[in-house]
1. For segment 135-157, what are the residues that are under 15 Å from the mean Cα position of the chain (by Cα) and either farther than 24 Å from residue 208 by Cα or assigned to a loop (DSSP other than H, G, I, E, B) (or both)?
2. Suppose the filter is surrounded by 13 or more Cβ atoms within 10 Å (Cβ to Cβ) and outside any helix (DSSP H, G or I); does residue 107 pass it?
3. Tally the residues that are surrounded by 15 or more Cβ atoms within 10 Å (Cβ to Cβ) and more than 13 Å from residue 125 (Cβ to Cβ), restricting the search to segment 1-15.
4. Filter segment 110-123 down to residues that are in a loop (DSSP other than H, G, I, E, B) and surrounded by 12 or more Cβ atoms within 10 Å (Cβ to Cβ) and give me whichever is nearest to the chain's Cα centre (by Cα).
5. Could you please give the count of residues in segment 12-40 that are farther than 16 Å from residue 1 by Cβ and in contact with a strand residue (DSSP E or B) (Cβ under 6 Å, 6 or more places away or on another chain)?
6. Can you tell me which residue in segment 124-134 is surrounded by the most Cβ atoms within 10 Å (Cβ to Cβ), limited to those that are free of Cβ contacts under 8 Å to residues at least 60 places away in the same chain and under 14 Å from the mean Cα position of the chain (by Cα)?
7. Residues that are at pLDDT 95 or above and under 25 Å from residue 133 (Cβ atoms): find the strands (runs of 3 or more DSSP E) completely inside segment 1-103 holding 3 or more of those.
8. I need a count of the residues in segment 153-172 that are out of contact with any helix residue (DSSP H, G or I) (no Cβ under 7 Å at 6 or more places or on another chain) and surrounded by fewer than 17 Cβ atoms within 10 Å (Cβ to Cβ).
């Protein structure tokens with residue numbers, strides 16, 4: 001399985017293109033805002049001959065969904081996410097202005113809602129869906145057991161956790177979800193967060209002061 005990370009710059013966010021030998025792919029958190037970012041994502045997909053089967057959102061905070069309209073117009077893909085975060089999508093214009101961003105494309109409808117225990121299949125690989133509220137009500141984590149890979153959005157970062165002051169969660173709720181659903185995974189599971197560098201489950205058990 002190949003994992004390509006793009007770090008887009010409006011509010012630095014990690015977008016992942018994940019694909020395998022079948023050339024089927026998923027895109028996680030299309031955070032591309034500027035046209036140069038959209039074209040970079042498009043060219044990577046085109047240059048590698050990928051067929052994107054799913055557009056996944058770990059949650060619907062605006063920095064993670066800026067590129068959703070582009071993915072619909074360019075590839076015919078609607079995003080898949082948890083419905084508990086829909087207010088963030090419906091109020092995106094007001095939300096971005098509160099962060100000093102004056103313009104964004106109108107939201108596009110989601111394709112399907114994802115829930116705890118659902119699976120997403122592409123090529124020969126499967127993501128299992130974990131629902132871990134706390135950063136947002138609808139925060140999801142995508143786990144690929146066969147590759148020991150975990151895409152955590154803003155739930156878990158290197159030596160940190162997601163903020164809980166945006167409404168829809170508490171630190172206690174977030175930490176409980178991380179401890180019971182993520183730290184129980186194999187130590188060598190790679191963690192690919194929504195912001196910042198990769199880490200591992202083992203490293204977060206050892207060094208993350210929020211999880212002690």
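1. 135, 136, 137, 138, 139, 154, 155, listed by residue number.
2. Here the answer is yes, as residue 107 does meet what is asked.
3. 8
4. 114
5. Counting residues in segment 12-40 that are farther than 16 Å from residue 1 by Cβ and in contact with a strand residue (DSSP E or B) (Cβ under 6 Å, 6 or more places away or on another chain) gives 7.
6. Filtering first and then ranking leaves 132.
7. Fully inside segment 1-103 and qualifying: 13-19, 24-28, 51-56, 79-81.
8. Matching residues across segment 153-172 total 8.
The values are calculated or read from the model by the stated rules, or taken from the named source; none is laboratory data. If you're wondering where the values come from, they're calculated on a predicted model, not measured in any experiment. Neighbour counts run over all protein chains shown; Cβ positions are idealised from the backbone, glycine included.
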